[in-house]
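**Q** Handing you this structure, nothing more for now.
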Amino acid sequence: MERLVYLYDGSFEGMLHAIARAVKDGREVAAISTAQHYSRPALFETVLSLHTDIEQADRLLRYLQQLHPQAADLALYSYLSEEPGVEMQLYAFVRLCLHYGRQALYYETNPAVAHLKGLQHKVLHEAHRYKGLIRFRILASDLHYGPFEPRHNVISLCARHFRRRLAGCQWMLHDLRRNIALYWDTAELQAVAVDAAFTAHVLSQGEVSGEQLAEHEHYYQQLWRGFHAAISNPGRHNPQLQRQFMPQRYWKYLIEK
């Protein structure tokens with residue numbers, strides 16, 4: 001029996017369109033994936049490369065929002081998780097919603113519902129951690145620069161927080177894992193491109209080069225390291241427990257580390 005593979009462009013709208021198309025076709029689905037993460041079709045599989053239909057994607061999103069705001073949230077956070085194969089979980093969830101309505105959200109034992117809610121928790125938890133762990137460096141241009149490498153695509157969630165917290169200064173969040181950056185100019189948040197040489201240096205060294213930092217930033221960093229050293233208790237140094245509460249993958253861009 002023929003099974004269909006739906007390939008989309010990697011965008012949130014593209015994912016929603018692919019899922020809506022798969023539901024509408026009503027045929028057996030082998031995979032919903034980006035072309036980047038799909039290798040080759042198996043026997044009896046037919047590949048459909050989709051051009052994103054924004055209207056169809058919007059219709060599906062509006063349906064989920066009207067069903068329950070949490071249903072739309074599950075779609076968004078599943079996309080931000082960037083977990084391979086999450087599209088099929090969301091496809092199963094949408095079909096469940098079409099059958100049971102908003103009650104589908106409460107079927108905690110259903111594998112798709114349980115999986116998507118687990119991903120939502122992971123994405124929100126990581127975003128919450130980075131709100132306190134991102135260290136901004138003041139560059140010579142007076143721009144506050146915050147590098148990080150999140151496991152999930154949480155830069156937009158973090159930017160929402162800092163837009164309120166640091167509304168009066170110019171800052172940029174830079175996700176070096178995906179090489180995407182968001183810049184706040186005190187009035188508008190926008191995506192920007194970052195110089196490749198600058199990015200490569202920060203990735204390799206975990207820090208901005210000294211000459212690109214503001215003069216007073218060196219002083220602030222020294223003060224912060226001194227404070228961190230002063231409050232630490234060498235007699236209670238426990239690296240294993242420290243990694244348990246704050247995994248080592250968060251340490252790279254911490255000034256005190």
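The values are calculated or read from the model by the stated rules, or taken from the named source; none is laboratory data. Because the structure is predicted, anything quoted here is derived from the model rather than measured. Neighbour counts are summed over all protein chains in view; Cβ atoms, including those assigned to glycine, are modelled from backbone coordinates with ideal geometry. These area figures cover heavy atoms from the full protein model, side chains too; ligands, DNA and RNA do not enter into them. Shrake-Rupley method; radii C 1.70, N 1.55, O 1.52, S 1.80 Å.
**Q** Restricting to lysine pairs 8 or more places apart or on different chains, what number in the chain have Cα atoms under 21 Å apart?
**A** Numbers: 122/131; 122/252; 131/252; 131/257.
So the count works out to 4.
**Q** Taking the Cα centre as origin and putting +1 on Lys and Arg beta-carbons and -1 on Asp and Glu beta-carbons, what dipole magnitude results for region 129-202, to the nearest 20 debye?
**A** Numbers: 11 positive and 6 negative charges, 100 e Å.
Charge dipole, region 129-202, about its Cα centre: 480 debye, nearest 20.
**Q** Output the antiparallel fraction of DSSP beta bridges having both residues in the chain, as a percent to the nearest 5. Walk me through the intermediate numbers first.
**A** Details: 12 of 27 bridges.
Taking every DSSP beta bridge within the chain, about 45 percent pair in antiparallel fashion.
**Q** Another question, then. In what sequence, largest accessible area first, do 172, 88 appear using a 1.4 Å probe?
**A** Numbers: 172 20, 88 60 Å².
Descending order: 88, 172.
**Q** Can you tell me what share of the DSSP beta bridges in region 73-193 is antiparallel? A percent to the nearest 5 is fine. Don't skip to the answer; put the middle values down first.
**A** Working: 11 of 16 bridges.
Beta bridges within region 73-193, antiparallel portion: roughly 70 percent.
**Q** What whole-number value in Å² describes the accessible area per residue of the chain for a 1.4 Å probe? Could you put the intermediate results ahead of the total?
**A** Working: 14510 Å² over 257 residues.
Value for the chain: 56 Å² per residue.
**Q** Leaving out ligands, DNA and RNA, what percent of the accessible area of region 1-131 is carbon and sulfur, probe 1.4 Å? Spell out each step's value before the answer.
**A** Details: 3680 of 7080 Å².
Using a 1.4 Å probe with all protein chains present, region 1-131 comes out at 52 percent carbon and sulfur.
**Q** On to the next question. Distances over 32 Å make up what percent of all Cα-Cα pairs in the chain?
**A** Details: 12093 of 32896 pairs.
Here the tail beyond 32 Å accounts for 37 percent of pairs.
**Q** Tell me the angle of helix 69-81 to the major Cα principal axis of the chain, expressed in degrees between 0 and 90 and rounded to the nearest ten.
**A** Around 60 degrees separate the two axes.
**Q** Provide, for q = 0.20, 0.21, 0.23 Å⁻¹, the log10 of I(q)/I(0) from a solvent-free Debye sum over equal Cα point scatterers in region 68-128.
**A** Log-scaled intensity ratios, in q order: -0.67, -0.74, -0.88.
**Q** Which Cα, out of 136, 119, 239, lies furthest along the positive dipole direction of the chain (beta carbon charges, K/R +1, D/E -1)?
**A** The listed residue farthest towards the positive side: 239.
**Q** Could I ask something else about it? Quote the charge dipole size of the chain about the Cα centre in Debye, to the nearest 20; the model charges only the Cβ of Lys and Arg (+1) and of Asp and Glu (-1).
**A** Working: 28 positive and 26 negative charges, 195 e Å.
Roughly 940 debye, rounded to the nearest 20.
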